[in-house]
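Student: Structure provided below as structure tokens; questions to follow.
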Ligand SMILES: Cc1cc2nc3c(=O)[nH]c(=O)nc-3n(C[C@H](O)[C@H](O)[C@H](O)COP(=O)(O)O)c2cc1C
């Protein structure tokens, strides 16, 4: 099965997962900007991955617009975020995905990434710092919010190759 992994990444976590998946699936691997000028008709399977931004998947609209034109191909998507896999926010987002028209048939996977303030754009860094400030200043903070504020105040890395296994299993099913 000829497979391609297309990724959109700002600070490198999604790129790393895309490369791990491509390695495991013996697939081609391109960034979204490279893929835009490539003819994808030859591929039997297309895996799209991008990072979570404000509870949405960045550039998912590019993938969604093409779904109808890719009938007959195996399509999978994965999202990389700063939250751990077991976080209730992640589980809720994954459930909601299956109610979204066009995406209902497409398996979506979540891979924990992290935060890398050094590689972030200035606007992203400002948004994250603002979010931390709001969380820290919140009255009646829950223990989860307190822990989250502490966690996202600096860079960290939760990524692990083990999280790609469900994606490879689904591809080979
Ligand atoms: C502006 C902004 C908003 C974000 N929103 C979320 C979010 O809603 N949920 C989440 O889990 N991570 C969120 N993140 C964290 C990124 O998804 C995370 O850092 C991811 O690993 C980045 O992937 P990349 O290295 O491929 O760019 C956000 C990051 C930024 C900069």
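The values are calculated or read from the model by the stated rules, or taken from the named source; none is laboratory data. Just so you know, these numbers come straight off a predicted model, no measurement behind them. Using ideal geometry, Cβ is built from the backbone for each residue, glycine included, and neighbour counts are taken over all protein chains shown.
Student: If I filter the range 142-156 for residues that are within 15 Å of the chain's Cα centre (by Cα), part of a helix (DSSP H, G or I), crowded, with 18+ Cβ neighbours inside 10 Å and more than 9 Å from the ligand (Cβ to nearest atom), do I get at least one hit?
Tutor: no
Student: When residue 61 is evaluated against the numbered criteria (1) within 16 Å of the ligand (Cβ to nearest atom); (2) part of a helix (DSSP H, G or I), which criterion, by number, is the only one it fails?
Tutor: Going through the list (1) within 16 Å of the ligand (Cβ to nearest atom); (2) part of a helix (DSSP H, G or I), residue 61 breaks only (1).
Student: I'm trying to understand the selection: among the residues of the range 43-57, which are part of a loop (DSSP other than H, G, I, E, B) and either in contact with a helix residue (DSSP H, G or I) (Cβ under 7 Å, 6 or more places away or on another chain) or at pLDDT below 95 (or both)?
Tutor: 54, 55
Student: Also, quick follow-up: Quick check, is residue 125 within 19 Å of residue 87 (Cβ to Cβ) and either surrounded by 11 or more Cβ atoms within 10 Å (Cβ to Cβ) or more than 17 Å from the chain's Cα centre (by Cα) (or both)?
Tutor: No: the conditions fail for residue 125.
Student: Just need a number here: residues in the range 1-24 that are away from the ligand (no atom under 11 Å from the Cβ), crowded, with 21+ Cβ neighbours inside 10 Å and in a helix (DSSP H, G or I).
Tutor: Of the residues in the range 1-24, 2 are away from the ligand (no atom under 11 Å from the Cβ), crowded, with 21+ Cβ neighbours inside 10 Å and in a helix (DSSP H, G or I).
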